[in-house]
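Accompanying notes for the structure given below.
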Ligand code: F6P
């Protein structure tokens, strides 16, 4: 039985250091160059982690922990294409999806980089045809509405990126994302769509996902009911999948299937054919710039010393907060309106990857793993949940993501946005003492002063991007991907499977008739009671 990382001397040292860590106020007082000592830059972005409750000793010991856990050799094993997703016996090679043209990558004797570029060329041909009005619907009209049907990784990545990159979008194309099996979602998307000019992009790695297939069937019925001849459906449906046969069985013309491969995990797949909606919306050149940004981060991750390696530093800060300071959550606050779906995207990336409780050897971990992640674009979050971040009894670290460039160009807005962001992290770090409150308000009773005190000492990082472009978005998402991987190595878990979603899926299949009589005798009384309540309601 392997020794748990939490039983190693280094872990104990780190815990001792955490127990004695000075406050952020003292850390800043003790080191006037703290920002210089606790920040790093790469790929057009700056990571300021000086407002984390960390000192040089803790940082050095965290770097030692990364080395102890073999982060470098595990990283190299992933990048080499070893089957590190051991429960599915799969390589994890989303990095190959962003290799520049002309580079090769051998997996089991096959140059998979060449396959990737073949599909990229297919995506270019198709997206150009749609965008230039050459791809015609069943009445000979150009496509004007794109509906991406997919869920999880087949929805969140493309959706997040399309919102972020909207300034590059083609203005005569409208785009909708349908994910929920709740019929209201697809109904709303179709409400104002014109069947003659609508294209459905059915995105599903496995092509067996119940939500996606249900929505895709409804979309096909809608087309047929609106007069699309069955033999013309091919003009309105394309599929993105590793399961080319199932897509063909569904009725999608083989030439309209954009393939990808099992070595690209669902939540790591926006760089593959799954990104077709991004290419349709902003063009293939922009999509390839996004890949280039991610590739730049891949090179940084592979080559930079751990001390300056952004994904490694971010991962270690997370481990420090979660495992040693006992801070279980992470709030993501992008101060950029076009990053509104970044928190949702990262929620899947982090929580589906590292929401695990057994090690690679199958032993129950005796430490906490993935953060509980949530977030909202600033400044909106400030007027919603930030109260708890500032004064709640639970301390929640925050990643502020902020963009320097003002591409909206409206007087006053960008300065106000950035000022708010920097003010939040300063307030969380340094707070406001009773003395300061009293000096401001005078000698009021304690019950009037205490609620205005801010304890401070609440850790945050700030990730500052020069600008939000396809390239910087690609680099930023790759940064978080690699951060998640490094954490999984330290926690000794497999970040690339997701068995936790399977049980719910199979139980939903058992319950699909909603018939109380159809469920097994040993079903719990709650589930039976709920089914009976629905049955009674349907009868009235
Ligand atoms: O939620 C489980 C999951 O398998 C995710 O990992 C994946 O992104 C999503 O379902 C959708 O799967 P698919 O792309 O195969 O439809």
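Residue-level check: of (1) in contact with a helix residue (DSSP H, G or I) (Cβ under 7 Å, 6 or more places away or on another chain); (2) within 16 Å of the ligand (Cβ to nearest atom), residue 85 misses just (1). Residue-level check: of (1) in contact with a strand residue (DSSP E or B) (Cβ under 6 Å, 6 or more places away or on another chain); (2) under 16 Å from residue 24 (Cα atoms); (3) part of a loop (DSSP other than H, G, I, E, B), residue 425 misses just (3).
Among the residues of segment 514-526, not a single one is in contact (Cβ under 8 Å) with a residue 40 or more places away in the chain and buried (at least 17 other Cβ atoms within 10 Å of the Cβ). Looking at the structure I just gave you, is residue 472 in contact (Cβ under 8 Å) with a residue 60 or more places away in the chain and surrounded by 15 or more Cβ atoms within 10 Å (Cβ to Cβ)? Yes, satisfied.
Here's the yes/no breakdown for (1) in contact with a strand residue (DSSP E or B) (Cβ under 8 Å, 6 or more places away or on another chain); (2) within 13 Å of the ligand (Cβ to nearest atom):
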site	(1), (2)
224	no, no
230	no, no
233	no, no
248	yes, no
263	yes, no
266	no, yes
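For residue 301, the conditions (1) surrounded by fewer than 24 Cβ atoms within 10 Å (Cβ to Cβ); (2) touching a helix residue (DSSP H, G or I) at 6+ places or on another chain (Cβ under 7 Å) all hold with the exception of (1). Report whether or not residue 306 is under 20 Å from the mean Cα position of the chain (by Cα), closer than 21 Å to residue 40 by Cβ and buried (at least 16 other Cβ atoms within 10 Å of the Cβ). Considered against the rule, which asks whether it is under 20 Å from the mean Cα position of the chain (by Cα), closer than 21 Å to residue 40 by Cβ and buried (at least 16 other Cβ atoms within 10 Å of the Cβ), residue 306 comes out as no. The criterion of at least 3 residues that are surrounded by 15 or more Cβ atoms within 10 Å (Cβ to Cβ) is met by the following helices (runs of 4 or more DSSP H) wholly inside segment 6-56: 9-19, 24-30. In a loop (DSSP other than H, G, I, E, B) and either more than 16 Å from the ligand (Cβ to nearest atom) or closer than 25 Å to residue 128 by Cα (or both), is that true of residue 360? Yes, satisfied. Does residue 475 fit the bill of being over 30 Å from residue 365 (Cβ atoms), out of contact with any helix residue (DSSP H, G or I) (no Cβ under 8 Å at 6 or more places or on another chain) and either more than 16 Å from the ligand (Cβ to nearest atom) or in a loop (DSSP other than H, G, I, E, B) (or both)? Criteria not met by residue 475.
Of all the numbered requirements in (1) in contact (Cβ under 8 Å) with a residue 40 or more places away in the chain; (2) away from the ligand (no atom under 14 Å from the Cβ); (3) more than 27 Å from residue 407 (Cβ to Cβ); (4) surrounded by fewer than 24 Cβ atoms within 10 Å (Cβ to Cβ), residue 338 misses one, and that requirement is (3). When residue 217 is tested against (1) within 16 Å of the ligand (Cβ to nearest atom); (2) within 26 Å of residue 468 (Cβ to Cβ), exactly one condition is not met: (2). Per the conditions (1) within 16 Å of the ligand (Cβ to nearest atom); (2) without any contact (Cβ under 8 Å) to a residue 40 or more places away in the chain, the sole criterion not satisfied by residue 132 is (1).
Bear in mind these aren't lab numbers, they're just calculated from the coordinates by the rules spelled out. Fair warning: this is a prediction, and the values are worked out from it, not measured in the lab. Cβ: placed from backbone, ideal geometry, glycine included. Neighbour counts: every protein chain shown.
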